[in-house]
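Comments concern the structure below.
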Amino acid sequence: MHTRMKIATLAALAAFAALFAQVPAVAQDAAAQATAPDAGMIEAVSEAAATEGSYTPMAPTKGKGMPTDPRSDEPGAMAKSLTFQDQYTDNGIYALGMHDYILLPVITVISLFVLGLLLYVIVRFNRRANPVASKTTHNTMIEVVWTIVPVIILVVIAVPSITLLARQYETPPAEAVTIKATGYQWYWGYTYPDHGEIEVVSNMLPEDEAVRRGEPGQLAVDNRMVVPAGVPLRIQTTASDVIHAFAVPSLWFKMDAVPGRLNEKLLTIKEPGVYYGQCSELCGSRHAYMPIAIEALPPEEFAAWVKAQGGSMPGEEAEAAAPASEEAAPEQVALLTAR
Ligand SMILES: [Cu+2]
(Lines give C-alpha, C1' and ligand atoms only; values in the text may rest on other atoms or scores of the structure.)
Protein backbone atom coordinates (compact mmCIF):
# COMPACT_ATOMS: atom_id res chain seq x y z
CA MET A 1 0.00 0.00 0.00
CA HIS A 2 2.74 2.35 1.04
CA THR A 3 4.77 1.78 -2.09
CA ARG A 4 1.70 2.20 -4.29
CA MET A 5 1.04 5.56 -2.71
CA LYS A 6 4.64 6.56 -3.33
CA ILE A 7 4.28 5.72 -7.02
CA ALA A 8 1.04 7.64 -7.19
CA THR A 9 2.78 10.62 -5.57
CA LEU A 10 5.62 10.44 -8.06
CA ALA A 11 3.22 10.29 -10.98
CA ALA A 12 1.30 13.25 -9.59
CA LEU A 13 4.55 15.19 -9.18
CA ALA A 14 5.54 14.51 -12.78
CA ALA A 15 2.12 15.59 -14.02
CA PHE A 16 2.29 18.73 -11.91
CA ALA A 17 5.77 19.59 -13.22
CA ALA A 18 4.57 19.21 -16.80
CA LEU A 19 1.59 21.44 -16.08
CA PHE A 20 3.77 24.02 -14.36
CA ALA A 21 6.13 24.24 -17.33
CA GLN A 22 3.27 25.36 -19.55
CA VAL A 23 1.84 27.99 -17.25
CA PRO A 24 4.27 30.89 -17.96
CA ALA A 25 3.58 30.89 -21.71
CA VAL A 26 -0.18 30.95 -21.19
CA ALA A 27 0.06 33.57 -18.48
CA GLN A 28 2.24 35.83 -20.61
CA ASP A 29 -0.27 35.87 -23.46
CA ALA A 30 -3.06 36.77 -21.12
CA ALA A 31 -0.94 39.40 -19.37
CA ALA A 32 -0.24 41.24 -22.60
CA GLN A 33 -3.96 41.93 -22.99
CA ALA A 34 -4.94 42.30 -19.36
CA THR A 35 -2.29 44.81 -18.28
CA ALA A 36 -2.45 47.14 -21.25
CA PRO A 37 -5.09 49.55 -19.85
CA ASP A 38 -3.19 50.02 -16.56
CA ALA A 39 0.12 50.86 -18.19
CA GLY A 40 -0.31 54.63 -18.09
CA MET A 41 -1.40 54.69 -14.48
CA ILE A 42 1.43 52.46 -13.30
CA GLU A 43 3.96 54.54 -15.24
CA ALA A 44 2.76 57.70 -13.52
CA VAL A 45 2.94 56.11 -10.07
CA SER A 46 6.44 54.75 -10.56
CA GLU A 47 7.74 58.08 -11.88
CA ALA A 48 6.37 59.84 -8.83
CA ALA A 49 8.11 57.31 -6.60
CA ALA A 50 11.41 57.75 -8.42
CA THR A 51 11.54 61.50 -7.86
CA GLU A 52 10.67 61.27 -4.16
CA GLY A 53 13.91 60.04 -2.57
CA SER A 54 17.49 58.98 -3.02
CA TYR A 55 16.62 55.30 -3.12
CA THR A 56 17.30 53.44 -6.38
CA PRO A 57 15.67 50.03 -6.85
CA MET A 58 18.21 47.20 -6.79
CA ALA A 59 18.80 45.34 -10.06
CA PRO A 60 17.80 41.67 -9.72
CA THR A 61 20.41 38.94 -10.20
CA LYS A 62 19.52 36.53 -12.99
CA GLY A 63 18.52 33.14 -11.60
CA LYS A 64 18.35 34.41 -7.98
CA GLY A 65 14.97 34.76 -6.34
CA MET A 66 13.14 34.07 -9.60
CA PRO A 67 12.12 31.04 -11.65
CA THR A 68 14.36 29.83 -14.49
CA ASP A 69 12.89 29.86 -17.99
CA PRO A 70 13.40 26.36 -19.46
CA ARG A 71 13.66 27.92 -22.96
CA SER A 72 16.59 30.16 -22.02
CA ASP A 73 20.11 29.51 -23.35
CA GLU A 74 21.64 29.16 -19.88
CA PRO A 75 23.38 25.82 -19.35
CA GLY A 76 21.16 23.50 -17.32
CA ALA A 77 18.15 25.80 -17.61
CA MET A 78 15.75 22.94 -18.30
CA ALA A 79 16.90 20.95 -15.24
CA LYS A 80 16.82 24.08 -13.04
CA SER A 81 13.30 24.96 -14.18
CA LEU A 82 12.04 21.54 -13.06
CA THR A 83 13.12 21.79 -9.45
CA PHE A 84 12.91 24.31 -6.59
CA GLN A 85 14.53 27.72 -6.74
CA ASP A 86 17.78 28.23 -4.79
CA GLN A 87 16.94 29.06 -1.18
CA TYR A 88 17.86 32.19 0.77
CA THR A 89 16.53 31.37 4.23
CA ASP A 90 17.71 28.74 6.75
CA ASN A 91 14.34 26.99 6.64
CA GLY A 92 14.43 26.93 2.85
CA ILE A 93 17.91 25.42 2.78
CA TYR A 94 16.84 22.81 5.34
CA ALA A 95 13.63 21.97 3.48
CA LEU A 96 15.31 21.78 0.08
CA GLY A 97 18.02 19.57 1.60
CA MET A 98 15.32 17.27 2.93
CA HIS A 99 13.73 17.12 -0.51
CA ASP A 100 17.01 16.55 -2.36
CA TYR A 101 18.74 14.14 0.01
CA ILE A 102 15.88 12.25 1.71
CA LEU A 103 12.56 12.41 -0.15
CA LEU A 104 13.78 12.21 -3.73
CA PRO A 105 16.20 9.28 -3.13
CA VAL A 106 13.55 7.39 -1.10
CA ILE A 107 10.92 7.92 -3.80
CA THR A 108 13.33 6.88 -6.54
CA VAL A 109 14.55 3.72 -4.78
CA ILE A 110 11.00 2.60 -3.92
CA SER A 111 9.75 3.24 -7.45
CA LEU A 112 12.63 1.32 -9.03
CA PHE A 113 12.22 -1.53 -6.51
CA VAL A 114 8.49 -1.88 -7.24
CA LEU A 115 9.11 -1.64 -10.98
CA GLY A 116 11.75 -4.40 -10.66
CA LEU A 117 9.34 -6.63 -8.71
CA LEU A 118 6.62 -6.12 -11.32
CA LEU A 119 8.95 -6.97 -14.18
CA TYR A 120 10.20 -10.04 -12.30
CA VAL A 121 6.63 -11.28 -11.74
CA ILE A 122 5.68 -10.66 -15.37
CA VAL A 123 8.67 -12.63 -16.67
CA ARG A 124 8.96 -15.39 -14.07
CA PHE A 125 5.35 -16.12 -13.11
CA ASN A 126 3.35 -15.83 -16.31
CA ARG A 127 1.25 -18.86 -17.37
CA ARG A 128 3.78 -20.08 -19.92
CA ALA A 129 6.88 -19.92 -17.70
CA ASN A 130 5.10 -21.21 -14.59
CA PRO A 131 2.24 -23.56 -15.60
CA VAL A 132 1.76 -25.05 -12.10
CA ALA A 133 1.09 -22.24 -9.61
CA SER A 134 2.39 -22.52 -6.04
CA LYS A 135 -0.27 -22.86 -3.31
CA THR A 136 1.83 -20.87 -0.78
CA THR A 137 -0.33 -18.39 1.19
CA HIS A 138 1.88 -17.23 4.06
CA ASN A 139 5.52 -16.45 4.60
CA THR A 140 6.20 -15.05 8.05
CA MET A 141 9.67 -13.78 7.18
CA ILE A 142 8.49 -11.77 4.16
CA GLU A 143 5.50 -10.39 6.07
CA VAL A 144 7.71 -9.19 8.93
CA VAL A 145 10.12 -7.56 6.48
CA TRP A 146 7.45 -5.77 4.43
CA THR A 147 5.98 -4.36 7.64
CA ILE A 148 9.20 -3.33 9.38
CA VAL A 149 10.99 -1.80 6.37
CA PRO A 150 8.21 0.70 5.53
CA VAL A 151 8.00 1.64 9.23
CA ILE A 152 11.73 2.40 9.23
CA ILE A 153 11.37 4.43 6.01
CA LEU A 154 8.50 6.45 7.51
CA VAL A 155 10.48 7.17 10.69
CA VAL A 156 13.47 8.30 8.61
CA ILE A 157 11.17 10.74 6.78
CA ALA A 158 9.26 11.81 9.90
CA VAL A 159 12.25 13.07 11.87
CA PRO A 160 13.37 15.87 9.49
CA SER A 161 9.76 16.48 8.48
CA ILE A 162 8.54 17.24 12.00
CA THR A 163 11.72 19.21 12.68
CA LEU A 164 10.98 21.37 9.63
CA LEU A 165 7.37 21.84 10.72
CA ALA A 166 8.48 23.02 14.16
CA ARG A 167 11.04 25.41 12.64
CA GLN A 168 8.39 26.95 10.41
CA TYR A 169 6.25 27.71 13.47
CA GLU A 170 9.04 29.53 15.29
CA THR A 171 7.72 32.76 16.82
CA PRO A 172 9.43 36.00 15.72
CA PRO A 173 11.64 37.49 18.47
CA ALA A 174 10.54 40.70 20.20
CA GLU A 175 13.03 42.87 18.24
CA ALA A 176 11.85 41.56 14.83
CA VAL A 177 10.95 44.20 12.23
CA THR A 178 7.20 44.11 11.61
CA ILE A 179 5.87 44.40 8.07
CA LYS A 180 2.23 43.86 7.28
CA ALA A 181 1.22 42.63 3.81
CA THR A 182 -2.39 43.21 2.84
CA GLY A 183 -3.89 41.49 -0.17
CA TYR A 184 -6.30 43.51 -2.32
CA GLN A 185 -8.12 42.60 -5.53
CA TRP A 186 -5.59 42.71 -7.21
CA TYR A 187 -2.42 44.13 -5.76
CA TRP A 188 -0.46 44.11 -2.52
CA GLY A 189 -0.12 46.80 0.10
CA TYR A 190 2.76 46.82 2.60
CA THR A 191 2.69 48.80 5.82
CA TYR A 192 5.56 49.34 8.24
CA PRO A 193 4.14 49.97 11.73
CA ASP A 194 7.66 50.18 13.24
CA HIS A 195 8.72 52.86 10.75
CA GLY A 196 6.18 55.62 11.02
CA GLU A 197 3.38 53.75 9.23
CA ILE A 198 4.96 53.84 5.77
CA GLU A 199 2.58 52.40 3.22
CA VAL A 200 3.71 50.90 -0.08
CA VAL A 201 1.19 50.04 -2.78
CA SER A 202 2.60 47.44 -5.12
CA ASN A 203 1.17 46.87 -8.61
CA MET A 204 2.51 44.61 -11.35
CA LEU A 205 4.56 46.28 -14.08
CA PRO A 206 3.44 45.72 -17.67
CA GLU A 207 5.54 43.10 -19.43
CA ASP A 208 7.44 45.50 -21.73
CA GLU A 209 8.26 47.87 -18.87
CA ALA A 210 9.56 44.96 -16.73
CA VAL A 211 11.79 43.77 -19.55
CA ARG A 212 13.04 47.32 -20.14
CA ARG A 213 14.11 47.48 -16.50
CA GLY A 214 15.86 44.08 -16.70
CA GLU A 215 13.30 42.36 -14.50
CA PRO A 216 11.32 39.16 -15.09
CA GLY A 217 7.95 39.76 -16.75
CA GLN A 218 4.81 39.01 -14.70
CA LEU A 219 6.85 39.26 -11.49
CA ALA A 220 8.19 42.83 -11.48
CA VAL A 221 6.27 45.51 -9.57
CA ASP A 222 6.28 49.29 -9.47
CA ASN A 223 6.95 49.55 -5.73
CA ARG A 224 8.68 46.67 -3.97
CA MET A 225 8.38 45.48 -0.41
CA VAL A 226 11.75 46.67 0.88
CA VAL A 227 13.14 44.89 3.95
CA PRO A 228 16.46 44.63 5.81
CA ALA A 229 18.50 41.48 5.09
CA GLY A 230 19.94 39.24 7.82
CA VAL A 231 17.46 40.56 10.38
CA PRO A 232 14.42 38.69 11.74
CA LEU A 233 11.25 40.01 10.13
CA ARG A 234 7.75 39.59 11.53
CA ILE A 235 5.67 39.24 8.38
CA GLN A 236 1.97 39.68 9.01
CA THR A 237 -0.62 39.00 6.34
CA THR A 238 -4.24 39.95 6.00
CA ALA A 239 -6.63 40.83 3.19
CA SER A 240 -9.26 43.47 2.58
CA ASP A 241 -11.65 41.59 0.29
CA VAL A 242 -11.10 37.88 -0.41
CA ILE A 243 -8.47 35.33 0.62
CA HIS A 244 -5.06 35.88 -0.97
CA ALA A 245 -1.77 34.16 -0.13
CA PHE A 246 1.63 35.73 0.24
CA ALA A 247 4.20 33.36 -1.25
CA VAL A 248 7.85 33.69 -2.24
CA PRO A 249 9.37 30.37 -3.38
CA SER A 250 13.07 31.26 -2.97
CA LEU A 251 12.44 32.26 0.68
CA TRP A 252 10.39 29.14 1.48
CA PHE A 253 7.59 31.44 2.57
CA LYS A 254 3.87 31.02 2.03
CA MET A 255 1.10 32.30 4.25
CA ASP A 256 -2.60 32.90 3.64
CA ALA A 257 -3.88 36.47 3.76
CA VAL A 258 -7.41 36.23 5.15
CA PRO A 259 -9.87 39.12 5.66
CA GLY A 260 -10.47 39.80 9.36
CA ARG A 261 -7.51 37.73 10.45
CA LEU A 262 -3.87 38.56 11.06
CA ASN A 263 -1.41 35.77 10.30
CA GLU A 264 2.16 36.09 11.42
CA LYS A 265 5.38 34.30 10.57
CA LEU A 266 9.10 34.74 11.07
CA LEU A 267 11.22 35.45 7.99
CA THR A 268 14.98 36.01 7.99
CA ILE A 269 16.49 36.60 4.55
CA LYS A 270 20.13 35.54 4.55
CA GLU A 271 21.50 38.00 2.00
CA PRO A 272 20.53 41.13 0.06
CA GLY A 273 18.74 40.57 -3.23
CA VAL A 274 15.45 40.80 -5.07
CA TYR A 275 13.10 37.88 -4.48
CA TYR A 276 9.95 37.37 -6.51
CA GLY A 277 6.73 35.62 -5.60
CA GLN A 278 3.04 35.59 -6.42
CA CYS A 279 -0.35 35.54 -4.80
CA SER A 280 -0.99 31.84 -4.29
CA GLU A 281 -4.69 31.67 -3.54
CA LEU A 282 -7.23 31.91 -6.38
CA CYS A 283 -8.65 35.33 -5.64
CA GLY A 284 -10.48 36.44 -8.77
CA SER A 285 -10.00 37.39 -12.40
CA ARG A 286 -6.62 39.10 -11.94
CA HIS A 287 -5.21 36.62 -9.45
CA ALA A 288 -2.28 35.93 -11.78
CA TYR A 289 -1.35 39.62 -11.93
CA MET A 290 -0.58 40.50 -8.33
CA PRO A 291 3.08 39.44 -8.01
CA ILE A 292 5.25 40.04 -4.97
CA ALA A 293 8.73 41.52 -5.18
CA ILE A 294 10.80 41.67 -1.99
CA GLU A 295 13.97 43.72 -2.02
CA ALA A 296 16.27 42.80 0.87
CA LEU A 297 18.83 45.53 1.58
CA PRO A 298 21.73 45.78 4.05
CA PRO A 299 20.28 47.39 7.24
CA GLU A 300 21.91 50.84 6.59
CA GLU A 301 20.45 50.99 3.08
CA PHE A 302 17.08 49.91 4.45
CA ALA A 303 17.26 52.85 6.88
CA ALA A 304 17.96 55.15 3.91
CA TRP A 305 14.95 53.73 2.07
CA VAL A 306 12.78 54.34 5.16
CA LYS A 307 13.95 58.01 5.13
CA ALA A 308 13.22 58.29 1.41
CA GLN A 309 9.67 57.09 2.08
CA GLY A 310 9.18 59.73 4.76
CA GLY A 311 9.27 57.19 7.58
CA SER A 312 11.43 56.96 10.70
CA MET A 313 13.57 54.22 12.24
CA PRO A 314 12.42 52.88 15.64
CA GLY A 315 15.28 54.72 17.48
CA GLU A 316 14.15 58.05 16.04
CA GLU A 317 10.66 57.85 17.46
CA ALA A 318 11.47 60.62 19.92
CA GLU A 319 11.60 63.11 17.02
CA ALA A 320 8.39 61.83 15.54
CA ALA A 321 6.71 62.01 18.94
CA ALA A 322 7.62 65.71 19.41
CA PRO A 323 4.62 67.13 17.50
CA ALA A 324 2.36 64.91 19.60
CA SER A 325 3.32 66.85 22.74
CA GLU A 326 2.02 70.01 21.09
CA GLU A 327 -1.38 68.37 20.96
CA ALA A 328 -1.28 68.28 24.73
CA ALA A 329 -0.63 72.03 24.73
CA PRO A 330 -4.29 73.17 24.87
CA GLU A 331 -4.66 71.43 28.22
CA GLN A 332 -1.52 73.13 29.52
CA VAL A 333 -2.80 76.42 28.20
CA ALA A 334 -6.07 75.80 29.99
CA LEU A 335 -4.16 75.13 33.21
CA LEU A 336 -2.10 78.25 32.79
CA THR A 337 -5.12 80.45 32.08
CA ALA A 338 -6.94 79.01 35.07
CA ARG A 339 -4.24 80.36 37.41
CU1 LIG B 1 -4.70 37.29 -4.63
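The values are calculated or read from the model by the stated rules, or taken from the named source; none is laboratory data. These numbers were taken from a predicted model, which means no experiment stands behind them. With ideal geometry, Cβ positions are generated from the backbone for all residues, glycine too; neighbour counts draw on all protein chains shown.
Details
- Set 233, 205, 251, 266: member being in contact with a Phe, Trp or Tyr (Cβ under 8 Å, 6 or more places away or on another chain), more than 16 Å from the ligand (Cβ to nearest atom) and not charged (D, E, K, R): 251
- Residue in region 187-196 that is on the phi < 0 side of the Ramachandran plot, more than 16 Å from the ligand (Cβ to nearest atom) and in a loop (DSSP other than H, G, I, E, B) present: no
- Odd one out for residue 97, checked against (1) under 30 Å from residue 230 (Cα atoms); (2) assigned to a loop (DSSP other than H, G, I, E, B); (3) modelled with pLDDT of 90 or more: (2)
- Enumeration of residues in region 53-82 that are aliphatic (A, V, I, L, M) and assigned to a helix (DSSP H, G or I): 77, 78, 79, 82
- Considering residues of region 269-283 that are away from the ligand (no atom under 14 Å from the Cβ) and under 15 Å from the mean Cα position of the chain (by Cα) only, the residue surrounded by the fewest Cβ atoms within 10 Å (Cβ to Cβ): 270
- Number of the exception - residue 222 against (1) crowded, with 20+ Cβ neighbours inside 10 Å; (2) among the acidic types (Asp, Glu); (3) in contact with a Phe, Trp or Tyr (Cβ under 9 Å, 6 or more places away or on another chain): (3)
- Subset of region 288-300 that is crowded, with 17+ Cβ neighbours inside 10 Å and over 15 Å from the mean Cα position of the chain (by Cα) - its residue that is farthest from the ligand (Cβ to nearest atom): 297
- Subset of region 241-254 that is aliphatic (A, V, I, L, M) and buried (at least 20 other Cβ atoms within 10 Å of the Cβ) - its residue that is farthest from residue 183 (Cα to Cα): 251
- Qualifying positions in region 153-179 - more than 30 Å from residue 238 (Cα to Cα) and loosely packed, with under 10 Cβ neighbours inside 10 Å: 155
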